[in-house]
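Enquirer: Here it is: the structure, laid out below.
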Amino acid sequence: MMKVTLLGCGTSVGVPALGHAGWGKCDPQDPRNRRQRCAVLIETDTTTILVDTGPDIRNQLLPLGLKKIDAVLITHTHSDHVAGIDDLRAFFWPDRMELPIMATEHHGADIQSRFPYLFSKSPKSPSYFVPPMRLETISAGTRIRIGDCDIDIFHQAHGNADSLGFLFDGKFGYSTDVVDLSDDVLDSLHGVPLWIVEALRDTPHQAHSHYEQTFSWIDRVKPGQAVLTHLGLEADYAELAEICPPRTEPGVDGMVFQLD
């Protein structure tokens, strides 16, 4: 059994955004349009894995009452995906076991430079402080095992950057912050029971997939169910739902999926 919780499905500034942007084209009266930054939680019988730790992560995890996280997978290091990593220190305190943060070599170096105190103690650290996390390098094109879960890792083009996508036990695929996927990746996802995949808005973007392209990917992959994430200020839930292909729906923060 695998439980997948869509913690957040919003664009980098969330919906609504601060300032004049506000709700954009999203109906503020529809609660499904209120979106925190992208993150997802995967739970099996014995293992709990978090993907990304953006600035909303504390509020996203508090209602779940989690007591442990076995590992954190990082898709990439744009701030909306890592800015909340400091909040995860609390998972270290009960048993003093370092929390593995898994990222590519260059993403890991970025996290290390931005949050050095999470991984090593310095002369300026408080006397009582123990670094609560450790970095582990992962790479696209490989398979890793965390607890009882096998995870295939794949490369995603993200404009001038890159990100990682994941396939968990062949049951759940996760593809956010992506503008292009290779034929090999699309083939590897074919028939997956659940695919959460980005669809930022209706018009093309240099770094993010738009509706038409994502729908073409879904038509090719033919997942059992597709859920759209990283939804932008232009992505009103009701309007987007009307144009979704079969077995596809816009994401809503807090959605839960049970996979046999």
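The values are calculated or read from the model by the stated rules, or taken from the named source; none is laboratory data. Since the model is a prediction, treat every value here as computed from it, not as a measurement. Quick reminder, even Gly has a Cβ in these numbers, built from the backbone with ideal geometry, and neighbours come from all protein chains shown.
Enquirer: Could you go through segment 214-234 and let me know if any residue there is touching a strand residue (DSSP E or B) at 6+ places or on another chain (Cβ under 6 Å), in contact (Cβ under 8 Å) with a residue 40 or more places away in the chain, more than 18 Å from residue 4 (Cα to Cα) and polar (S, T, N, Q).
Expert: no
Enquirer: Return the only residue of 184, 177, 162 being surrounded by fewer than 24 Cβ atoms within 10 Å (Cβ to Cβ), within 17 Å of the chain's Cα centre (by Cα) and either at pLDDT 95 or above or not in a strand (DSSP E or B) (or both). Even if it seems obvious, please write down each step before you answer.
Expert: Values: 184 fails: within 17 Å of the chain's Cα centre (by Cα); 177 fails: surrounded by fewer than 24 Cβ atoms within 10 Å (Cβ to Cβ).
Testing whether each residue is surrounded by fewer than 24 Cβ atoms within 10 Å (Cβ to Cβ), within 17 Å of the chain's Cα centre (by Cα) and either at pLDDT 95 or above or not in a strand (DSSP E or B) (or both) leaves just 162.
Enquirer: State all residues of segment 189-239 that are touching a Phe, Trp or Tyr at 6+ places or on another chain (Cβ under 9 Å), within 21 Å of residue 14 (Cβ to Cβ) and either assigned to a helix (DSSP H, G or I) or of a type in the set (S, T, N, Q) (or both); if no residue qualifies, say none.
Expert: 203, 209, 229
Enquirer: Something else: Looking at segment 185-209 only, could you name the residues that are in contact (Cβ under 8 Å) with a residue 24 or more places away in the chain and of a type in the set (D, E, K, R)?
Expert: 198, 201, 202, listed by residue number.
Enquirer: Now, a different point. For residues in segment 1-16 being outside any strand (DSSP E or B) and closer than 19 Å to residue 238 by Cα, which is farthest from the chain's Cα centre (by Cα)? Full working, then the answer.
Expert: Kept after step one, since they are outside any strand (DSSP E or B), are these residues of segment 1-16: 1, 9, 11-14, 16.
Restricting the remaining residues to those that are closer than 19 Å to residue 238 by Cα gives 9, 11, 14, 16.
Numbers: 9: 8, 11: 11, 14: 14, 16: 19 Å.
Among those residues, the one meeting the criterion is 16.
Enquirer: Considering segment 74-125 alone, what residues qualify as being acidic (Asp, Glu), within 22 Å of the chain's Cα centre (by Cα) and over 26 Å from residue 155 (Cβ atoms)?
Expert: Start the filter on segment 74-125 by keeping residues that are acidic (Asp, Glu), which leaves 80, 86-87, 95, 98, 105, 110.
Okay, now just the ones that are also within 22 Å of the chain's Cα centre (by Cα), so 80, 86-87, 98, 105, 110.
Answer for segment 74-125, where residues must be acidic (Asp, Glu), within 22 Å of the chain's Cα centre (by Cα) and over 26 Å from residue 155 (Cβ atoms): 86, 87, 98.
Enquirer: Here are the criteria: (1) under 18 Å from the mean Cα position of the chain (by Cα); (2) closer than 18 Å to residue 163 by Cβ. Tell me which single one residue 44 does not satisfy.
Expert: All conditions are met except number (2).
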